[in-house]
Amino acid sequence: MPGTFSEHLRQRAGADPAGVAVIDEHGDMTNADLDALADAVAHEVRAAGAQNVAVIASNSARFLAHAFGVWRAGATLVTVYPSSPAAEIAYALEHSGVQLTFADEELAERIPEGTQTRSLTRHVVPTGPFAGPEPDGGAAALVCYTSGSTQRPKAVVHSHASVLAGAAAYGDVWRLGPGDTTLVVLPMAWAFGLVTTSMAALLSGGRVRSVRRSKPEAVLEAISADRVTFVAGVTTIFAKLVDLIETRGGLDEHRIRLCISGGEPRNEGVFDRWRALTGVPVHDVYAASECFPVVTYDPVIDPVPVEGCAGRVVPGADLQLRDPDTGQRIESPGIGEAYARGPALFTEYQGDPETTARVLTDGWYRTGDLVEVRADGLIRVLGRLSGMIIRGGANVAPAEIERVVRQEPDVADAVALGLPDERFGQRIVVVVTGADGVHPDAEAVLARCRDELAGYKVPEEVVVVDSFPVNERTGKIDRRRVEEQLAVRS
């Protein structure tokens with residue numbers, strides 16, 4: 001295997017220049033065209049003298065070409081979810097020290113003034129092969145922002161060697177090859193969309209079918225029209241597709257051989273309906289932006305997933321169980337907090353050495369998840385030890401929502417919770433108390449959230465209460481009792 005993904009791209013273009021690499025709403029992009037556009041982007045990055053370069057855009061062939069061009073230039077790629085509000089984009093660009101940004105044109109008004117920005121869809125004149133040394137495998141390749149237990153998204157840093165190893169490992173365990181067309185509907189701004197699916201597909205000699213947004217009609221059309229063989233998504237995507245197919249049909253013929261769901265709790269009812277419609281089961285994957293792959297299914301070894309189980313530890317990865325309080329190892333089979341090592345292990349949270357040291361210990365990533373290792377080697381994910389909300393496959397930190405809601409003048413305090421939801425896994429509810437006896441306006445709270453949070457982080461409901469239950473020992477708000485009260489109410 002080549003030492004960097006850029007080298008692989010060059011070799012692929014040389015071996016099969018006319019072969020299709022990426023398909024999107026605009027048509028096919030060949031291996032040669034993808035490589036040439038990456039060269040042109042690398043020339044731009046080098047001319048701008050930029051070391052940290054952001055790509056803020058929806059999924060497309062051009063997204064991948066710009067990402068790979070940034071790497072070819074030896075720069076670090078910074079990805080930001082395109083629906084992020086202006087404040088969140090500004091924070092990410094400043095925090096990561098971005099000097100150049102490539103973005104969709106419709107995002108221009110959300111990019112801070114003074115930022116050197118270029119449209120992702122501009123006409124790019126080919127400038128010939130980019131001459132420059134391939135980046136060192138240990139150098140920073142990717143900074144992706146993910147919600148955590150803090151009030152701000154965390155900047156997860158991966159090296160070139162890390163992303164290459166992670167993509168290759170997924171391609172191997174899922175048996176991807178030249179005959180596969182991989183549907184990429186998960187955002188390329190996330191490691192799941194960029195590395196786990198897109199890069200894994202290309203490294204394995206297959207093609208990427210990029211879908212700009214996860215509208216079920218567009219996804220279904222892509223599956224049927226472009227002979228997709230591998231579908232990866234969160235549970236919510238499969239739920240939407242099942243509803244559409246059962247209502248309208250449209251999947252009479254397909255070539256799907258593998259389906260993978262990850263990022264949120266499984267919905268076995270939805271997956272049973274999907275299998276009845278397609279004949280293909282939905283396997284699982286368990287990992288994190290910080291460490292992947294960790295657990296999934298090899299479809300040859302386990303052609304049918306076991307209900308409630310995420311799969312087995314991937315070759316090249318390790319998983320330990322430890323006591324959440326003491327950190328002492330728990331022998332398998334057993335239940336404990338998962339510590340993981342994977343082919344792709346992040347190097348740091350940029351600018352946050354304290355959090356890095358807390359979760360990265362002796363080469364192990366502390367996941368914060370409670371898992372069970374069964375006697376047969378299968379893994380069950382029992383839930384997060386923290387109060388993290390997982391909505392539609394996206395991690396949402398309650399503290400981040402609460403920080404915004406507390407800025408509303410009439411709000412005294414706030415608690416954001418994730419309650420069970422059949423479609424999205426969890427729905428977000430924020431419970432608030434009024435300041436100085438004033439009854440907060442729920443619509444005003446929601447309006448502030450829409451202005452300052454990405455769309456998937458905006459609560460579905462605001463509940464106003466007189467006071468919060470308090471833990472007698474700590475004096476802190478008892479979040480579990482708040483959740484129990486909401487469950488009784490509903």
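The values are calculated or read from the model by the stated rules, or taken from the named source; none is laboratory data. Note that the structure is predicted; figures quoted are calculated from it, not measured. Because the Cβ atoms are built from the backbone with ideal geometry, glycine has one as well, and the counts that use them run over all protein chains shown.
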Say we look at region 218-230 and pick out the residues that are without any contact (Cβ under 8 Å) to a residue 60 or more places away in the chain and not in a helix (DSSP H, G or I); which of these is surrounded by the most Cβ atoms within 10 Å (Cβ to Cβ)? 230
Quick check, is residue 115 β-branched (Val, Ile, Thr), buried (at least 21 other Cβ atoms within 10 Å of the Cβ) and not in a helix (DSSP H, G or I)? no
Candidates 486, 446, filtered to the one that is modelled with pLDDT under 90, surrounded by 16 or more Cβ atoms within 10 Å (Cβ to Cβ) and not in a loop (DSSP other than H, G, I, E, B): 486
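Counting only residues that are among the small types (Gly, Ala, Ser), in a helix (DSSP H, G or I) and in contact with a strand residue (DSSP E or B) (Cβ under 9 Å, 6 or more places away or on another chain), how many does region 44-68 have?
Residues that pass the stated criteria total 4.
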Checking the structure you have, find out if any residue of region 401-410 is among the hydrophobic types (A, V, I, L, M, F, W, C) and surrounded by fewer than 19 Cβ atoms within 10 Å (Cβ to Cβ). no
Just checking, how many residues over region 306-336 are farther than 13 Å from residue 376 by Cβ and assigned to a strand (DSSP E or B)? 10
Within region 69-91, take every residue that is out of contact with any Asp or Glu (no Cβ under 9 Å at 6 or more places or on another chain) and assigned to a loop (DSSP other than H, G, I, E, B) and give me the one that is modelled with the highest pLDDT. 75
Within the set of pairs 6+ apart or on separate chains, which have a first residue in region 193-217 that is closer than 18 Å to residue 27 by Cα and surrounded by fewer than 24 Cβ atoms within 10 Å (Cβ to Cβ), a second that is at pLDDT below 95 and of a type in the set (Phe, Trp, Tyr), and C-beta atoms under 8 Å apart? none
Which pairs have Cβ atoms under 8 Å, sit 6 or more apart or on different chains, and link a residue in region 106-125 that is under 18 Å from residue 24 (Cα atoms) and touching a residue at least 24 places away in the same chain (Cβ under 8 Å) to one that is among the polar types (S, T, N, Q) and assigned to a loop (DSSP other than H, G, I, E, B)? 120/60
Only residues in region 312-328 that are under 14 Å from residue 172 (Cα atoms) and in contact (Cβ under 8 Å) with a residue 12 or more places away in the chain count as the first member; pair them with residues that are aromatic (Phe, Trp, Tyr) and in a strand (DSSP E or B), Cβ under 9 angstrom, at least 6 apart or cross-chain, and list the lot. 314/292; 317/292
Filter region 389-416 down to residues that are in a strand (DSSP E or B) and farther than 27 Å from residue 241 by Cα and give me whichever is modelled with the lowest pLDDT. 412
Quick check on this structure: which one of 244, 251 is without any contact (Cβ under 8 Å) to a residue 40 or more places away in the chain, in a loop (DSSP other than H, G, I, E, B) and either buried (at least 16 other Cβ atoms within 10 Å of the Cβ) or not aromatic (Phe, Trp, Tyr) (or both)? 251
Provide a single number: the residues in region 93-106 that are crowded, with 21+ Cβ neighbours inside 10 Å and either in contact with a His (Cβ under 8 Å, 6 or more places away or on another chain) or modelled with pLDDT under 95 (or both). 1
Looking only at region 307-319, how many residues end up being on the phi < 0 side of the Ramachandran plot and either in contact with a helix residue (DSSP H, G or I) (Cβ under 6 Å, 6 or more places away or on another chain) or surrounded by fewer than 17 Cβ atoms within 10 Å (Cβ to Cβ) (or both)? 4
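Given the options 53, 22, 45, 41, name the one that is among the β-branched types (Val, Ile, Thr) and under 17 Å from residue 195 (Cα atoms).
Being among the β-branched types (Val, Ile, Thr) and under 17 Å from residue 195 (Cα atoms) holds for just one of 53, 22, 45, 41, which is 22.
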